[in-house]
Amino acid sequence: RPRRFLRAVVRLKTQLGLTETPKADLAGASLPDSARELAKAALTLHDVEFLLSDGELDGIEVVDCHRAWLGTVSSSLRRRTEMVLNRAITEVNYQSEVAPALQAFFNLGILPERVESAVTWVVNNIAEEARGALDAHALGEA
């Protein structure tokens, strides 16, 4: 299992454009702009998180030294995917990114809550636009 963990970490670093330094940090990484690439990285990250979930790798030094980095990667990847999804929802030129962004959330195991969050965000934006368009004061000035 440690070997499988390390292979997955190396694959994730490659997907993020990091060098093979033992303790590469996210400063050298550039999270992919493409939702498809984010989905691939999300799947690899999910594999790593699955390997860590049962506790079999606890106490192994080479594994433990990656835990903080993986937490940073996880939160950064989730934020970046959220940004890509929001951009895909709001901008016509990026609508093809919706499906791969949702795939990334599925790969991370958080699809239901992210879909709910996106729907709430869209509904709130529509409600705000409707209030602005139907504002009696603004209509009186027109």
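The values are calculated or read from the model by the stated rules, or taken from the named source; none is laboratory data. Predicted, not measured: the structure shown is a model, and the values here were computed from it. With ideal geometry, Cβ positions are generated from the backbone for all residues, glycine too; neighbour counts draw on all protein chains shown. Just so you know, the surface numbers come from the protein's heavy atoms only, side chains and all, with ligands and any DNA or RNA stripped out. Shrake-Rupley method; radii C 1.70, N 1.55, O 1.52, S 1.80 Å.
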Practice task
Restrict the check to segment 117-127 and report whether at least one residue is in a loop (DSSP other than H, G, I, E, B), open to solvent by less than 40 Å² (accessible area, probe 1.4 Å) and out of contact with any Gly (no Cβ under 8 Å at 6 or more places or on another chain).
Solution key: no
Problem - Residues located in segment 1-13, provided they are open to solvent by 90 Å² or more (accessible area, probe 1.4 Å), in a helix (DSSP H, G or I) and over 17 Å from Gly71 (Cα atoms) - result: Arg3, Arg4, Arg7
Exercise for the section: Those residues that are among the polar types (S, T, N, Q) and within 14 Å of the chain's Cα centre (by Cα), I need them from segment 83-133; list them, please. Expected result: Asn86, Gln103, Asn107, Ser117
Problem - Tally of residues being open to solvent by 70 Å² or more (accessible area, probe 1.4 Å) and charged (D, E, K, R) across segment 37-65 - result: 6
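Which of the residues belonging to segment 67-90 are without any contact (Cβ under 8 Å) to a residue 60 or more places away in the chain and farther than 17 Å from Arg36 by Cα? Working first, answer last.
Taking segment 67-90 and keeping what is without any contact (Cβ under 8 Å) to a residue 60 or more places away in the chain, we get 67-69, 71-72, 74-90.
Within segment 67-90, Arg67, Ala68, Trp69, Gly71, Thr72, Ser75, Thr90 qualify.
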Practice task
Spot the failing condition for Asp33; the list is (1) surrounded by 16 or more Cβ atoms within 10 Å (Cβ to Cβ); (2) within 15 Å of Gln103 (Cα to Cα), and only one is missed.
Solution key: (1)
